[in-house]
1. Go ahead and run the numbers for FRET between Lys136 and Ala35, Cβ-Cβ distance against an R0 of 35 Å, rounding to 0.05.
2. Which of Leu36, Val85, Thr162 sits farthest toward the positive end of the charge dipole of the chain, with +1 on the Cβ of Lys and Arg and -1 on the Cβ of Asp and Glu?
3. Just grab the label-to-label distance for Glu117 and Lys63, each label 7 Å out from Cα along the Cβ direction, in nm (one decimal).
4. Could you list the residues of the stretch 76-96 with an amide nitrogen less than 20 Å from a label point located 7 Å from the Cα of Phe45 in the Cα-to-C-beta direction?
5. Write down the accessible area per residue of the stretch 1-109 in Å², having rolled a 1.4 Å probe over the full set of protein chains.
6. Provide the descending list of Cα extents for the stretch 1-105 along its principal axes, expressed in whole angstroms.
7. Give me the Debye-computed log₁₀ of I(q)/I(0) at q = 0.12, 0.16, 0.19 Å⁻¹ for the stretch 81-175, equal point scatterers on Cα only, no solvent, two decimals.
8. May I ask you to list the GluC sites (Glu not before Pro) in the stretch 16-67 that are in a DSSP loop and have at most 14 other Cβ atoms within 10 Å of their Cβ?
Amino acid sequence: LEPIRTGAGVAALDPATIHERLSPVYETVSRVAGALPDGTALIGFAGSPWTVACYMVEGHGSKEFQETRLWALRDPQVFGALIDVLVEATTAYLSHQIEAGAHAVQLFDSWSGVLSEDQFTRWCMAPTRAIVSQLKQRYPDVPVIGFPRGGGAKTADYVAFTGIDGVGIDTSMPV
C-alpha cells in the first residue's frame, strides 16, 4: 500500500468503495455459513481501526509502528479523522459479514500493545466502543468479541468501556 500520512490522504478515502473489493469475503461467509451444520457458529472478523491504521500509515508491517504513533501524537485531529473513516468502514464490513451469515464477530487489535495508556483509551478503546455500539443497534443479538493484543492490565478497562460480549486474551493478560 501507498502510506497515508496526511489529511489529503485521509480525505481521499471513500469507505463506500470497500464493499465491491470485499464482496468475495461476503460471498465466502455466506457459503461457509450455509454449509455449516446446525449449532455450529461462524465468527466473522476484522482488524480494529488502530491496527488497520498502523498498516495504512506504515505501508507495511512493523514491530513499533513509529510513523503511526508519531502521527497520532503530532496531529491527533487529522489522525483521528483516519480513525473515524476506519470506524465507519469496519462497522460496514462487519455488518456485511453478519448479513452474510456470521453468528458473531471479532475485532482484532493486533497492535494495541504498542500504545501508552492514554493512547490505548483514545485509539483502541474509543473506536472499538463506537463500532460495538453501532453493531449492537443494528444486530442486538450478535455477540461482539474484542481482542486487544498486548493490552495486559488495560484489558479489564477495555472490556468495561467498549461493551464487547467477550474478550480474547494473550500472555500479556494477568491471570
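The values are calculated or read from the model by the stated rules, or taken from the named source; none is laboratory data. None of the values given here were measured: they were computed from a predicted structure. Backbone-built Cβ (ideal geometry, glycine too); neighbour counts: all protein chains shown. The area values use the complete protein model at the heavy-atom level, side chains included, leaving out ligands, DNA and RNA. Shrake-Rupley method; radii C 1.70, N 1.55, O 1.52, S 1.80 Å.
1. That gives a FRET efficiency of 0.80.
2. Value: Thr162.
3. Simple spin-label model gives 2.6 nm for this pair.
4. Of the residues in the stretch 76-96, 87, 89-96 have backbone N under 20 Å from the label point off Phe45.
5. On a per-residue basis, the stretch 1-109 sits at 53 Å².
6. 51, 28, 21
7. For the stretch 81-175 at q = 0.12, 0.16, 0.19 Å⁻¹, log10 I(q)/I(0) is -0.34, -0.61, -0.85.
8. Glu64
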